[in-house]
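Accompanying notes for the structure given below.
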Amino acid sequence: MALVRAFLSFDPPPSIISHLGAFQQRLRHSIPGVAWAPPAQFHSTISFLGNVDETLLRAILREVSEAVRSAPSFGISYEGLGRFPETGPPEILWAGCVNADGRLLALKKSLDDAVRRSGIESAPGPFHPHVTLGRVRTTQRRVVTR
């Protein structure tokens with residue numbers, strides 16, 4: 001049995017990737033100790049599935065494809081910066097994704113249901129759509145909070 005680290009996500013449009021990458025370049029000089037995500041890897045995770053038996057991937061893909069096919073289109077705006085966790089030393093620096101009409105949340109619920117039909121559960125926790133810009137190295141977390 002081989003396990004695959006799996007998640008469901010969407011990529012920002014190329015123009016957003018370019019803008020976020022340029023902003024990230026400016027941050028590099030003012031925030032030390034961050035492992036910056038390559039812009040080519042920018043994405044917004046909808047559901048984290050964790051380590052999944054690769055034999056389940058085909059069933060997951062089938063269910064997820066059906067859920068996406070029936071989902072209405074919607075808009076996303078990219079705004080705001082933040083960090084996880086919100087208190088204590090930061091671990092993740094991110095740019096926010098906002099969908100005002102609730103369709104992104106509806107899609108997440110539909111995808112979580114599709115994954116559940118495949119026999120696994122999405123990771124629990126609040127849904128906070130974002131693009132990870134960087135991860136603060138453990139030894140630098142105190143420096144960033146000062």
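When we screen Asp101, Asp113 for residues that are modelled with pLDDT of 95 or more, acidic (Asp, Glu) and in contact with a Gly (Cβ under 9 Å, 6 or more places away or on another chain), the only hit is Asp101. Taking every residue in region 117-133 that is farther than 18 Å from Pro90 by Cβ and pairing it with any residue that is loosely packed, with under 15 Cβ neighbours inside 10 Å and of a type in the set (S, T, N, Q), at least 6 positions away or on another chain, yields no pair with a Cβ-Cβ distance below 8 Å. Counting only strands (runs of 3 or more DSSP E) that sit wholly inside region 15-96, those with at least 1 residues that are more than 25 Å from Ile120 (Cα to Cα) and in contact with a helix residue (DSSP H, G or I) (Cβ under 7 Å, 6 or more places away or on another chain) are 34-36, 77-84.
Checking Glu121 against (1) among the charged types (D, E, K, R); (2) under 15 Å from the mean Cα position of the chain (by Cα); (3) closer than 13 Å to Phe7 by Cα, which test does it fail? Checking Glu121 against (1) among the charged types (D, E, K, R); (2) under 15 Å from the mean Cα position of the chain (by Cα); (3) closer than 13 Å to Phe7 by Cα, the one that fails is (2).
Listed here are the residues, each with its yes/no results for (1) touching a Pro at 6+ places or on another chain (Cβ under 6 Å); (2) in contact (Cβ under 8 Å) with a residue 24 or more places away in the chain.
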| residue | (1), (2) |
| --- | --- |
| Pro12 | no, yes |
| Ser18 | no, no |
| Gly21 | yes, no |
| Ala37 | no, yes |
| Ser44 | yes, yes |
| Leu61 | no, no |
| Ala67 | no, yes |
| Gly75 | no, yes |
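The residues in region 90-140 that are among the hydrophobic types (A, V, I, L, M, F, W, C) and more than 29 Å from Glu54 (Cα to Cα) can be counted, and the count is 7.
The residues of region 92-106 that are over 11 Å from Ile76 (Cβ atoms) and in contact (Cβ under 8 Å) with a residue 40 or more places away in the chain, listed by number, are Ile92, Leu93, Ala95. So, of the residues in region 110-141 that are surrounded by 14 or more Cβ atoms within 10 Å (Cβ to Cβ) and basic (Lys, Arg), which turns out to be nearest to Ala37 (Cα to Cα)? My answer is Arg135. Look at Glu86 and say whether it is under 17 Å from the mean Cα position of the chain (by Cα) and at pLDDT 95 or above. So Glu86 does not fit the description; no. May I ask you to verify whether Leu104 is over 14 Å from the mean Cα position of the chain (by Cα), outside any strand (DSSP E or B) and surrounded by 13 or more Cβ atoms within 10 Å (Cβ to Cβ)? When the stated conditions are applied, Leu104 does not pass them. Just so you know, in region 35-59 the residues that are surrounded by 15 or more Cβ atoms within 10 Å (Cβ to Cβ), small (Gly, Ala, Ser) and more than 11 Å from Val115 (Cβ to Cβ) include one that is farthest from the chain's Cα centre (by Cα), and it is Ala37. May I ask you to verify whether Pro32 is over 21 Å from the mean Cα position of the chain (by Cα), more than 12 Å from Ala6 (Cα to Cα) and exposed (fewer than 14 other Cβ atoms within 10 Å of the Cβ)? Answer is yes for this residue.
The values are calculated or read from the model by the stated rules, or taken from the named source; none is laboratory data. From a predicted model like this one, the values you see are computed outputs, not experimental measurements. Heads up, the Cβs are rebuilt from the backbone with ideal geometry, glycines too, and the neighbour counts pull from every protein chain shown.
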